[in-house]
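This report refers to the structure that appears directly beneath it.
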Amino acid sequence: MSNVGKNIRKLRTVKKLSQAAFAELFGLARPSVGAYEEGRSEPKMETLIQIAQHFGLSVDLLLTKELTINELYHFDIFKEQLQQPAPAPTLVAKADRAQNVTPLVYRNRALEYIVHHHDPAFVDALPWLQLPHQLTGPTRAFEVSGADMLLHRQGLRHQDIVLCSRVDKAVPRLKAGNVYVFVTQSKILIRRLAKRLLEDKLLRLRADNPDYGSLELELSQVLEIWEVRGVFTTHLRPPALLDERVAELERKVEELFERGLS
């Protein structure tokens with residue numbers, strides 16, 4: 001059984017929503033929400049997608065992982081964070097840093113980064129990672145939130161770290177099919193570029209996960225663009241579907257060969 005019922009209950013707790021209020025958000029009957037939470041039934045896929053998109057999660061996470069209250073708070077971008085002053089940064093002398101070090105933006109600091117991305121003191125106070133690379137110019141590392149870019153267990157997983165190089169926003173050289181991090185005025189998006197529209201003033205972006213539809217983003221709404229050049233993950237990558245099939249064929253051939261010898 002999936003974890004969706006437990007996660008819906010915790011989402012209501014975080015957002016202080018009654019079952020009736022939650023039901024109204026997604027056009028459901030109140031008893032249906034109770035049935036979901038008690039495990040007597042599960043939402044339709046269309047409803048799951050609506051819930052996931054509304055709360056900034058992924059369908060994969062809603063179904064397969066029992067999220068903690070703390071994790072759900074990290075997913076949510078609270079408006080009150082905007083009202084808090086930026087923490088006084090502890091500057092790190094650049095001369096003391098090793099080569100190939102990159103500022104890291106954790107997913108729960110996305111809003112802070114949006115507000116203070118232009119402040120060198122804030123960037124200097126971020127955690128810094130040392131990763132082997134040959135990239136030139138400014139680099140950033142971003143923690144992946146959700147499973148938007150995950151398909152058939154392949155791609156970017158929740159909590160992976162992507163290593164990026166800066167794209168000049170004034171003359172953005174973007175290539176269709178590549179993955180980019182777009183820092184916008186409201187969120188940080190990791191998406192694949194589908195195409196450029198309206199004389200390159202509009203970008204059509206898509207997620208690798210088909211549960212998330214494509215979206216269009218105006219370049220005027222973008223604060224920064226970073227091209228994903230590598231990924232650091234603690235997950236053991238499963239074999240590709242083709243590799244699985246080849247391995248299965250090899251096992252069957254070995255079995256037939258052993259039977260022939262016996």
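The values are calculated or read from the model by the stated rules, or taken from the named source; none is laboratory data. Since the structure is predicted, the reported quantities are computational estimates derived from the model, not experimental observations. A quick note on method: Cβ atoms are made from the backbone with ideal geometry, for glycine too, and the neighbour counts reach across all protein chains shown.
Identify, by number, the condition in (1) more than 27 Å from Val101 (Cβ to Cβ); (2) part of a strand (DSSP E or B); (3) of a type outside the set (Gly, Ala, Ser) that Asp200 doesn't meet. Of everything listed in (1) more than 27 Å from Val101 (Cβ to Cβ); (2) part of a strand (DSSP E or B); (3) of a type outside the set (Gly, Ala, Ser), Asp200 misses just condition (2).
Among the residues of region 153-189, those that are under 18 Å from Arg206 (Cα atoms) and outside any loop (DSSP other than H, G, I, E, B) comprise Gln154, Gly155, Val162, Val179, Tyr180, Val181, Phe182, Val183, Thr184, Ile188, Leu189.
Does region 99-150 hold any residues that are of a type in the set (Asp, Glu) and within 16 Å of the chain's Cα centre (by Cα), and which are they?
Just the residues of region 99-150 that are of a type in the set (Asp, Glu), to begin with: 112, 119, 124, 143, 148.
Across region 99-150, the qualifying residues are Glu143, Asp148.
For region 69-95, the set of residues classified as out of contact with any Lys or Arg (no Cβ under 8 Å at 6 or more places or on another chain), modelled with pLDDT of 65 or more and surrounded by fewer than 16 Cβ atoms within 10 Å (Cβ to Cβ) consists of Asn70 only.
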